[in-house]
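A quick write-up on the structure given underneath.
The values are calculated or read from the model by the stated rules, or taken from the named source; none is laboratory data. Since this is a predicted model, take the numbers as computed values, not measurements. As a convention, Cβ positions derive from the backbone with ideal geometry for all residues, glycine included, and neighbour counts pool all protein chains shown. For the accessible areas, the whole protein counts, side chains as well, though only heavy atoms, and no ligand, DNA or RNA atoms are used. Shrake-Rupley method; radii C 1.70, N 1.55, O 1.52, S 1.80 Å.
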Amino acid sequence: MATVNNQEPNQDDLIMQQQRKIEKEIQDTTPLVSEKFPVSVLNTEYIDDVYATKVRKLEDRYSHLRRTRPDGNCFFRGFAYSYLEYLANHKKEEYDIFLDRALKSKDKLVALGFPQFTIEDFYDTFIDVVKRVDPSSGDTEQILTELHNVFNDQGLSDYVVVYLRLITSGQLQERADFYQNFIDGCTSIEEFRHKEVEPMFKESDHIHIIALCTELGVSVGTEYMDRGESQNNFHVFPEEGVTPQVHLLYRPGHYDILYPKN
């Protein structure tokens, strides 16, 4: 006679089920990149005085923010959206310099040993998205609307993120001796690249930001907001003293896009 298996799900299975449920709720309720909100919206998220003070300081310097989906890809997605938005609003010469660098990036990755057949589709999508923000290609508002639509298309948006992860990994490989100083000495750069940089949904740290900014020639200003300091910490990557082209708000484990006041 057949027996019925009444075994209860183990704790790991229950945790995984709960995690998948949470991820599904985030996907259903949170866009990959939101519309703009006044920075003051952060006041609704915090009730203690420490954060309220920090929000007021942010309001002094920034007018709006865009939220990014908290899926582990928020730095790369926020970086790409913000920088391409910046290019669409600025001089054609600056756009052309970046496009040239982007076009050369695949050959550089192949020279570093990345399989061409693996990176080809991601590269093609990345270049297509970059070309859509050419400031000479049409009305700026139309370009920005298209950019927002692209970054909320899961397939296109994720392909851009994947390619930026590959570019970051390539820079880490090329200058492994330098970047080894930023990670635990027990972990090799190669292991770090394959486990913490190239896979999707892995959160980003200083090393990711420095490597990507260095490779692409882009400066990022990041506001750090947590309970550890009396005021917000502001850092510019890859080096201090440069006017940032991208502005991000970092709260533990997550990045959103900031818009400085004119």
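Structural remarks
- Residue list for the range 41-55, restricted to those being open to solvent by 50 Å² or more (accessible area, probe 1.4 Å) and within 30 Å of Thr145 (Cα to Cα): Asn43, Thr44, Glu45
- Where Glu85 falls short, out of the listed (1) assigned to a helix (DSSP H, G or I); (2) open to solvent by 30 Å² or more (accessible area, probe 1.4 Å): (2)
- Scanning the range 128-144 for residues that are open to solvent by less than 60 Å² (accessible area, probe 1.4 Å), assigned to a helix (DSSP H, G or I) and closer than 16 Å to Arg101 by Cα turns up Val129, Val130.
- Of the residues making up the range 190-239, those that are under 17 Å from Pro260 (Cβ atoms) and of a type in the set (D, E, K, R) number 1.
- Pair list, Cβ < 6 Å and 6+ apart or interchain, from the range 107-130 residues that are within 14 Å of Ala80 (Cα to Cα) to residues that are polar (S, T, N, Q): none
- Condition met for Ile183 (open to solvent by less than 30 Å² (accessible area, probe 1.4 Å), more than 24 Å from Ala102 (Cβ to Cβ) and of a type outside the set (Phe, Trp, Tyr)): yes
- Unique residue being at pLDDT 95 or above, closer than 25 Å to Thr214 by Cβ and open to solvent by less than 30 Å² (accessible area, probe 1.4 Å) when the list is Tyr159, Tyr123: Tyr123
- Test result for Glu215, open to solvent by less than 40 Å² (accessible area, probe 1.4 Å), over 20 Å from Leu112 (Cβ atoms), of a type in the set (Asp, Glu) and touching a residue at least 12 places away in the same chain (Cβ under 8 Å): no
- Of the set (1) modelled with pLDDT of 95 or more; (2) under 22 Å from Asp71 (Cβ atoms); (3) open to solvent by less than 60 Å² (accessible area, probe 1.4 Å), all apply to Arg251 but (1).
- One residue from Asp205, Asp177, Asp226 being surrounded by fewer than 19 Cβ atoms within 10 Å (Cβ to Cβ) and touching a Pro at 6+ places or on another chain (Cβ under 9 Å): Asp226
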